[in-house]
Structure formats: C-alpha cells, structure tokens
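J.: Below you will find the structure I want to go over with you.
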Number of protein chains: 2
Amino acid sequence: MGALTPARGPKQPQQERSRATRLKLLEAAIACLAERGWSGSTVSVVAERAGVSRGAAQHHFRTREDLFTAAVEHVAEKRRGAVKAVAHNLPPAGSIARTWVIVEELVGLYTGPLFRAALHLWVAASDEEQLRDRVTALEARVGREAHRTAVALLDADEAVPGVRETVQGLLDMARGLGLANLLTDDSARRDRVVEQWAKIIDSVLNPADRR
Amino acid sequence: MGALTPARGPKQPQQERSRATRLKLLEAAIACLAERGWSGSTVSVVAERAGVSRGAAQHHFRTREDLFTAAVEHVAEKRRGAVKAVAHNLPPAGSIARTWVIVEELVGLYTGPLFRAALHLWVAASDEEQLRDRVTALEARVGREAHRTAVALLDADEAVPGVRETVQGLLDMARGLGLANLLTDDSARRDRVVEQWAKIIDSVLNPADRR
C-alpha cells in the first residue's frame, strides 16, 4: 500500500487513522457477535463498542451486511493465522508427545473466541441469505487450511487409504468439542478426550510396523 | 393428567384441542427456529405458522421465553426418542457391520432438523440469560442419554481405561459433523469419515485379542 500512496504530508496519518478505525470496528463486530449474537449486533452497537461515531462507522461500512462480511474475512484471516501458529514449538517428530500437542493445538483452534464468533456467524448465515454464500466460501477455505496443516504436522500420508478420513474425523471432533464448550466450561472433560484421541490417532497414523 | 381431571362430558374434546394446539405451536416454534433462527422467531411468527391466533398462542405461552423453553423440552424429548430408536434393527453383535451402523446412526442424531433446531437454541442461549440455564440442563441430559446409548450399543466396557473417552470423542465427532452440515450438504464426505471411524472405533473397542 505504501508503494501506491507514498507516506508524506498529512495524508498518511489520516489513512492510518482510517485503517485503525476500520480495524477497531471489525474487532468490535467480532466481540459483539461472540457475546450477543447476530440479533444483538447492529452497526450502532458495534460503533459504540468501538468508540467510533455512527457516522464514521457508516462511512466505512454502509450496511450491517457489509460490516459483518468484512468481519467474517477478518475472523477467517485470524483463524488461518492461528492454524499456522500451531506448527511452532512442537516436541520431536515420531513421539506420541508430539501427536498429543498437535491434537491439543488443533482442538484449541475450535474452542477460543474466534471459533465462538465464527459459530455465531454460521448460525446467522444459515438464516441470512446475504451472509450465507460469503460465510460458506470462507469457512471452506479455513477448513481446507486446517486440514492441510493437520496433515503436514501429523506427517500423515494421504496416499494410504483411510488416512485422509482419519484426519477429517479428528477435525470434526475438534469442531464438536468447540460446540460442547459453547454453553459450559468443558475443559476438564475435553482434556481427557484429547489425551485418548491423541493415542488413537497416533496408533492409526503410526502403526507399530512403521515406527 | 387423566387422573386429576377425569375424561368425561364436553371437557375432553376441549382438552384434546388445547393439547393439539400446544403441540402445533411447539412444532412450529422448532421449525421456525431451524429455518429463521432466534431473531426471526417471535410468538407472532410462530402462531401464524401454526395456524393459531396470536391470542390463543399467548393463552398457552405468555412470553417468547415460555414458548421456547417449552420448545426446548419438546426437542429434547424427541431427541431422546431418536437416541433410543437407534437400538432397532442392528446387524449381529461382534461384527464390524454393526459398529458401522451404530456410528452412522449416532452421527445421524446430529445431522437432522432436530439438531439444527437445537443448534439455534444453543447459540441463542449463549446470549440470552433466560434461555441459558434451561438449555444447558436439557442439553446435558440429552448428552448423557446419547452417551449411555452409545456405550450400551457398542458394548463398550467403560472399566477399561480410555474407553469412556473414546465414546465421548465419537459423540463429539458426531456433533462436529452436524455443524459441518449446517451451511452445505456434507453427506458424501460424512459417509467416508463415518466408514473410516467405524473401523477405528471397532478396533479400539474390540482389539483382536478380545474377538
């Protein structure tokens, strides 16, 4: 962006302010959605939460749908970032400890506030024509990326029959654990499920004769 | 109920009509919720859909929260019925075919319209104080029942370490598959995941030395 509009004169601070305002609105939109759902998330509510005037908010996003489709993309972007971050600081390859940490991290993608916001978006999108296509496309992208990351981290060979579906089922389980966490704190039960499923995944992907 | 108010005279038909009206309202509430979400499901909308006057609807349910907590219980009741129905017409014990059908049926509990309505309720409940406790309690009951059914059908021995968590993870996976089906028809992918995970669950619960 800097290359197109050189940073000089009073232009730059204004652009920066504008970008900062936009970001504040997107973050506020996500927080609102996670806490109050679609029905409680109007442009006015989001603007107030962001500490931005309603006029300024509408300068950035003409309608509620504009605001929330931008927020969807912002969430997807952050979730893709979170997916990539899983790769850091893993135990050595070939250990069950590594599989455990990977399963834990993958499940973690579905139990935080980003997933909570995404969940509200999905459910809203299932009823709102304007959101539906956008959310579906973005969700497919996040899902593909999570799958690719899981396959790479687990060093899973998708040429082996069943391996692809093993990893897919693991991510479906992670999604289900996220849902179970929506109404209550499910973390103690979740830890035990993660421990057991890490063992199962490890034995399926790394049978004794491959070790 | 019959014991308290004996069924005789003109009373009975009126009671029956009243019960039928109530049921129509509950069914309409669930359909509305599955299709239009919480924000689109007002008492007026539900009454119109049920073909009941707004006055009659309010005679049965004073507020929207009354209507939907009753609908929650009705959904839970139907889902518990669906859980029990899984037990019928299973292949012979000890076969992989049986495990496959059981996993398929358990996953089926989370991919139909009842789950869709429940999902809308959970998400609404996560924002609506009045719904939250009621939905959480009922959801816990449905979850426990699904778990008990799965353990019994799979003939899983929960005294063996890890078995309980294997079954829990399977139900979490089923829930995640239900979520994946919210925005798109996910049935082809789901069938492949179910086939593979039926094999995995079967080998974990029935290791070669137990067969």
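The values are calculated or read from the model by the stated rules, or taken from the named source; none is laboratory data. None of these values were measured; they are calculated from a predicted model. In this analysis, Cβ positions are derived from the backbone assuming ideal geometry, glycine residues included, and neighbour counts consider all displayed protein chains. Ligands, DNA and RNA are stripped out before the accessible areas are found, and what is left, the full protein with its side chains, is counted by its heavy atoms. Shrake-Rupley method; radii C 1.70, N 1.55, O 1.52, S 1.80 Å.
J.: Listed residues A:R164, A:R175, A:R190; which is assigned by TED's automatic domain parsing to the domain that holds A:Y110 and farther than 20 Å from B:R164 by Cα? Let's see the steps before the verdict.
T.: On the way: A:R175 fails: farther than 20 Å from B:R164 by Cα; A:R190 fails: farther than 20 Å from B:R164 by Cα.
Being assigned by TED's automatic domain parsing to the domain that holds A:Y110 and farther than 20 Å from B:R164 by Cα holds for just one of A:R164, A:R175, A:R190, which is A:R164.
J.: While we're here: For the stretch B:159-197, which positions are β-branched (V, I, T), farther than 16 Å from A:S126 by Cβ, open to solvent by 40 Å² or more (accessible area, probe 1.4 Å) and facing chain A (nearest Cβ under 7 Å)? I'd like the intermediate steps shown before the answer.
T.: From the stretch B:159-197, those β-branched (V, I, T) are B:160, B:163, B:166-167, B:184, B:193-194; that's our starting set.
With farther than 16 Å from A:S126 by Cβ added as a condition, the list becomes B:160, B:163, B:166-167, B:193-194.
Next, only the ones that are open to solvent by 40 Å² or more (accessible area, probe 1.4 Å) stay: B:160.
Within the stretch B:159-197, no residue meets the criteria.
J.: What pairs can you find where one residue is in the stretch B:46-60 and over 16 Å from B:R19 (Cβ atoms), the other is surrounded by fewer than 19 Cβ atoms within 10 Å (Cβ to Cβ), and their Cβ atoms are less than 7 Å apart, with a gap of 6+ or different chains?
T.: Filtered contacts from the stretch B:46-60: B:A47/B:S53; B:A47/B:R54; B:R49/B:A31; B:R54/B:S44.
J.: Within the bounds of the stretch A:148-158, is there any residue that is within 23 Å of B:V167 (Cβ to Cβ), crowded, with 22+ Cβ neighbours inside 10 Å, touching a Lys or Arg at 6+ places or on another chain (Cβ under 8 Å) and touching a residue at least 12 places away in the same chain (Cβ under 8 Å)?
T.: no
J.: Would you check which residues across the stretch B:132-146 are within 11 Å of chain A (Cβ to nearest Cβ) and either among the charged types (D, E, K, R) or crowded, with 21+ Cβ neighbours inside 10 Å (or both) and list them?
T.: Correct list: B:R132, B:D133, B:R134, B:V135, B:L138, B:E139.
J.: Residue check: is B:L182 under 19 Å from the mean Cα position of the chain (by Cα), touching a residue at least 24 places away in the same chain (Cβ under 8 Å) and closer than 17 Å to B:W100 by Cα? Step through it out loud before you land on a result.
T.: Numbers: under 19 Å from the mean Cα position of the chain (by Cα): yes; touching a residue at least 24 places away in the same chain (Cβ under 8 Å): yes; closer than 17 Å to B:W100 by Cα: no.
In short, no.
J.: Same structure, new question: I'd like to verify a number: residues in the stretch A:35-77 that are closer than 15 Å to A:V135 by Cβ and either of a type in the set (K, R) or touching a helix residue (DSSP H, G or I) at 6+ places or on another chain (Cβ under 7 Å) (or both), how many?
T.: Initial filter on the stretch A:35-77 (closer than 15 Å to A:V135 by Cβ): A:37-38, A:41, A:64-77.
Now drop any that are not either of a type in the set (K, R) or touching a helix residue (DSSP H, G or I) at 6+ places or on another chain (Cβ under 7 Å) (or both), which leaves A:37-38, A:41, A:64-65, A:67-76.
Residues flagged as closer than 15 Å to A:V135 by Cβ and either of a type in the set (K, R) or touching a helix residue (DSSP H, G or I) at 6+ places or on another chain (Cβ under 7 Å) (or both) within the stretch A:35-77 amount to 15.
J.: So, of the residues in the stretch A:142-170 that are assigned to a helix (DSSP H, G or I) and of a type in the set (D, E), which turns out to be farthest from the chain's Cα centre (by Cα)? Let's see the steps before the verdict.
T.: First, pick out the residues of the stretch A:142-170 that are assigned to a helix (DSSP H, G or I): A:142-153, A:163-170.
Checking the rest, the ones that are also of a type in the set (D, E) come to A:145, A:165.
On the way: A:E145: 10, A:E165: 21 Å.
Taking the candidates together, the pick is A:E165.
J.: At least 3 residues that are under 24 Å from A:T166 (Cα atoms), assigned by TED's automatic domain parsing to the domain that holds A:R132 and at pLDDT 90 or above in each: list the helices (runs of 4 or more DSSP H) lying fully within the stretch A:4-110 that qualify.
T.: Values: elements: A:11-36, A:43-50, A:54-60, A:64-85, A:96-108.
The qualifying helices (runs of 4 or more DSSP H) are A:96-108.
J.: Residues in the stretch A:94-102: is at least one surrounded by 14 or more Cβ atoms within 10 Å (Cβ to Cβ) and free of Cβ contacts under 8 Å to residues at least 12 places away in the same chain?
T.: Yes, there is a match, as at least one residue in the stretch A:94-102 is surrounded by 14 or more Cβ atoms within 10 Å (Cβ to Cβ) and free of Cβ contacts under 8 Å to residues at least 12 places away in the same chain.
J.: Do we have any residue at all in the stretch B:171-192 that's in contact with a helix residue (DSSP H, G or I) (Cβ under 6 Å, 6 or more places away or on another chain), in a loop (DSSP other than H, G, I, E, B) and of a type in the set (A, V, I, L, M, F, W, C)?
T.: Yes: one or more hits.
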